[in-house]
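The values are calculated or read from the model by the stated rules, or taken from the named source; none is laboratory data. What you see is a predicted model, and the numbers here were worked out from it, not measured in a lab. All Cβ positions, even for glycine, are placed from backbone atoms using ideal geometry, and neighbour counts span all protein chains on display. Areas reflect the complete protein model, heavy atoms only, side chains present, ligands, DNA and RNA absent. Shrake-Rupley method; radii C 1.70, N 1.55, O 1.52, S 1.80 Å.
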Amino acid sequence: MSSDTIVIPRYLRLSGLEPLVVRPETNFINIGERTNVTGSKKFARLIREGKYEEALTVARQQVENGAQILDVNMDDALLDGEKAMTTFLQLLAAEPDIARIPIMIDSSRFNIILAGLKCVQGKCIVNSISLKEGEKKFLEQASICQDFGAAVVVMAFDEKGQADTLERRVEVCQRAYQLLTEKLDYPPEDIIFDPNVFAVATGIEEHNHYAVDFIEATRRIKQLMPLCKVSGGISNVSFSFRGNDVVREAMHAVFLYHAIKAGLDMGIVNAGAIPVYDEIPEELRTRVEDVILDRRPDATERLMEYAEQVKSQGKQVLKDESWRKGTVQERLIHALVNGITDYIEQDVEEARLLYPRPLDVIEGPLMDGMNIVGDLFGSGKMFLPQVVKSARVMKKAVAVLLPYMEQEKEERLRQQQRPSGSAGEAPESGEVLVDTQQDRQSGGKIVMATVKGDVHDIGKNIVGVVLGCNGYEILDLGVMVPAEKILQTAREVKADAIGLSGLITPSLDEMVHVAQEMERQGFQIPLLIGGATTSRMHTAVKIAPEYSGGVVHVQDASKCVQIVGNLLNPTTRNNFLEQIHQEYEGLRISFQQKKSIKQYISLQEARANKTPIAWEQYQPPAPLKPGIHVFTDYDLEELTHYIDWQPFFIAWELHGKFPQILDDPKVGESARRLYEDAQALLRQIVKEKWLTARAVIGLFPACAVDDDDVLVQTTNGPLRLCFLRQQLKKAAGQPNMCLADFIKPQYQLSSGETDYIGAFAVTAGIGIEQWIQFFEADHDDYHIIMLKALADRLAEAFAERMHERIRKEFWGYQPHEQLTNEQLIREEYVGIRPAPGYPACPDHTEKRKLFHLLNATEATGIQLTESLAMYPAASVCGWYFSHPESKYFGVGKILEDQVEDYARRKQMPIEEVSYWLRPQLQD
């Protein structure tokens, strides 16, 4: 092999328009499940009614909410499954914002799987195949999957049934492996085995060895087939003790402790409720271990006896304060791992008196505790809310020690400045996490910032906390930070890396600008890219080519520690960056190839294919209360009833549908604890009026003109709103939509008739700054992130509530509407409220017209930044459309003819229009 040969690691690699590489450090993959007719009533209804365009909005919401893979299932007795799968996936492929993530084709009928394979793009997953119908059928199905380049889930199931012994588990998996790899040459990294987790302690003697057999089977499978992955439904092992969380959680912890050591890669388990193995009460741990490892014949009876003793006490056994009897080092570690702040000041003071220097307390028991937290988070046993609580404990502990460390620095400076000694240099000024670099060897110093013009920082704050928990020194510059300040600060503090974050699309261009400046100024440190609008593809195509020092996209907080560790470790940095370079080069090539595949039509053709609406049969409803209405202090308690909680959990990287997530076998316990904390803080926010909610709404006469514009009549004269139209070539019968399609055209209006359009701007963020400062002073990142997330939820709830009042009270076109909050979240109402900057109207500059129309800044206090983000961040604005056929959609890419036409209509230079519409331009 020549020295120039590049060895590509054998990872599970999936793709839509963008790749998803499952590396060893990858945590749980979030699969969006609402595009499943068996799991979503709304999706099933839309598919049955043939409303595929509307069904795409369900998929789009899944992607926007953070799904990394999209599960598509059409198994319904009332459906032609093949036709439904084919139609939906073909339409989905024409929506780049959805099709960028990989697809999981999910069906119990292989004919439907085959139909999906024929039209899905990229590399997908087939769920699932097994040997239950024999080798011939298994190989036929696997061969088809291989021909299409799909990865497969293989169940430990053959002609004799489910494998339930050690020998059978290994035998079935190895047999399937040999068939796949020898007869079909199937890539082993594309195979995932599930060797079946069964319940133990059932009272049936034959079941006693189920757990230890699974553990040993995992070990052997990984030894025999090291590139494959092993998964299992961990909660099944404790099914005999359902209702007794104390015993079940202990069983999960013990089972995982041994299974992970044996090589288990992934598992479905209530991970948020897993106690630390060593902290399970010794008697309980011993009895559980006797059962899991089948160490004694009376193990089941002994565990049942213990379970009866603790059943009435709930979790009290695991939550007593016996840990206070340990050494101060043990107490500090326990407090950090479990996020307990109750005794941290007194324990830190006790430790300070035991150690020679206060810094030794940080680098001793405190870092020992944080190392455990990092290990638990990295292995998927701890989730972000728990990590942030641990960080809160760490910051409080450091705050106790900081004055003593400052005293030491001052004394050292006095000694250095004495004439008899050599003059020393004073430590560099600037904010540090705990002390100067000379006192403490941190893992590295990272400057982080939300880029100029953007005000959103919840995700950045979480990443900073996670990195801080793993020994990195974080200097967070806040929001709306210009490139000059970011780079100047990085030089002054000798940063080891820079991290950029942003939510709105103009932030993508600002990130490109920062990369260009880093290259121009000769930086050589890595640049990390993150935020809701960023992607691996955009980073590879737009940002990475501008900077030679290394650019890496960080998808979420669970990935950041491994990425930063590889970047800042001299022994791994070059290989890691070379691997990233190869991946990004592949993405750039793929991007160029994909561009030629998509077919677009001219603007003239797109307008000819506009949304068909029978306007001659439509009488626009006149508002009951037209004009502008201002609300200066809206009742927060009322808004709490309109909160959509699912995005709240996604902000904390807990993925799942609410309220089912509270009982999720993997994240349920962590989600419940987070939800309880959120409810407590929300009650305090409402009761003590921490935040002020303000809104302005308006309803105005309007009509559609020149195909894609809406002319609004105001007291100050007409105002022209400009919208964009889809130009992607659609399937027969599918229109190229524009929001102007849903307003009655001027030439269709009869004498004295008019249509109407509404506008709104709401905020729930007035007053938030003082409370953020309050929690900052208390070193409480957990409540800072919680407060910002709740303010965002209240703002969205406010938008939902005002839209409801518009429909029922102000516009009044649905006066008798009676929808539950769940129905509102599912958008079962009539009409839409699209927001500038979002898929249906992606041009942020139309916000200026909206704010001018409503005089929104004066009415609400919301301000627009230079990048047209709204401040406070907990703010929402948009338009109201009442037509019953109006719907949400994505404009997607547009051609040059529309850019030129749009610039003419807006009376703006084409260069300026191109700047704001860059994500929509068909490169």
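Any chance you could check the Cα centroid distance between the stretch 596-651 and the stretch 741-778 for me, in angstrom?
The stretch 596-651 and the stretch 741-778 have Cα centres spaced 10 Å from each other.
Using the per-residue mean of other Cβ atoms lying within 10 Å as a proxy for protection, in what order, highest first, do the peptides 819-825, 784-790, 144-150 fall? All intermediate terms of the calculation are to be shown ahead of the outcome.
On the way: 819-825: 14.6, 784-790: 23.6, 144-150: 18.3.
In decreasing order of mean packing, 819-825, 784-790, 144-150 become 784-790, 144-150, 819-825.
Calculated from the structure, Cα extents along the principal axes in Å equals which of (i) 89, 88, 67; (ii) 132, 64, 62; (iii) 116, 71, 54?
Computed from these coordinates, Cα extents along the principal axes in Å corresponds to label (i).
At 0.36 nm per residue, minus the direct Cα-Cα distance, what do residue 412 and residue 616 gain on full extension? Give it in nm, one decimal, please.
Gain in length upon complete extension: 64.8 nm.
What lysines sit close enough to residue 395 to cross-link, taking a C-alpha to C-alpha distance under 21 Å and skipping anything fewer than 8 places away on the same chain?
Those lysines meeting the cut-off are 409, 445, 460, 788.
Starting with the highest mean, order 757-765, 528-536, 567-575 by the number of other Cβ atoms within 10 Å, averaged over the residues of each peptide.
Values: 757-765: 26.8, 528-536: 21.7, 567-575: 12.9.
Top to bottom by mean Cβ count within 10 Å: 757-765, 528-536, 567-575.
Where in the chain are the DSSP H helices whose alpha-carbon span along the long axis reaches 27 Å or more and whose Kyte-Doolittle mean is at least -1.0?
384-416, 668-688, 781-805
How much solvent-accessible surface does residue 719 expose, in Å² to the nearest 10, with a 1.4 Å probe and all protein chains in place?
30
Accessible area, 1.4 Å probe, largest first: how do 519, 205 sort? Could the numbers behind the result be given before it?
Values: 519 80, 205 145 Å².
From most accessible down to least: 205, 519.
Give me the aspartates and glutamates in straight-line cross-link reach of residue 808: C-alpha distance below 17 Å, same-chain residues under 8 apart excluded.
Reachable aspartates and glutamates: 638, 800, 817, 827, 828.
How much of residue 783 can a 1.4 Å solvent probe reach, expressed as accessible area in Å² and rounded to 10?
Number for this one is 40 Å².
Among the listed pairs 51/729; 51/610; 689/847; 41/598; 118/657, which are separated by more than 26 Å between their Cα atoms?
Distance filter (> 26 Å) returns 689/847; 41/598; 118/657.
Probe 1.4 Å, all protein chains in place: accessible area of residue 639 in Å², nearest 10?
About 0 Å², rounded to the nearest 10.
I'd like to compare 449-460, 131-142, 183-194: which one has the highest average count of other Cβ atoms within 10 Å, and what's the full order after that? List each step's numbers first, then the result.
Values: 449-460: 24.5, 131-142: 16.2, 183-194: 18.4.
Ranked from most to least packed, the peptides come out as 449-460, 183-194, 131-142.
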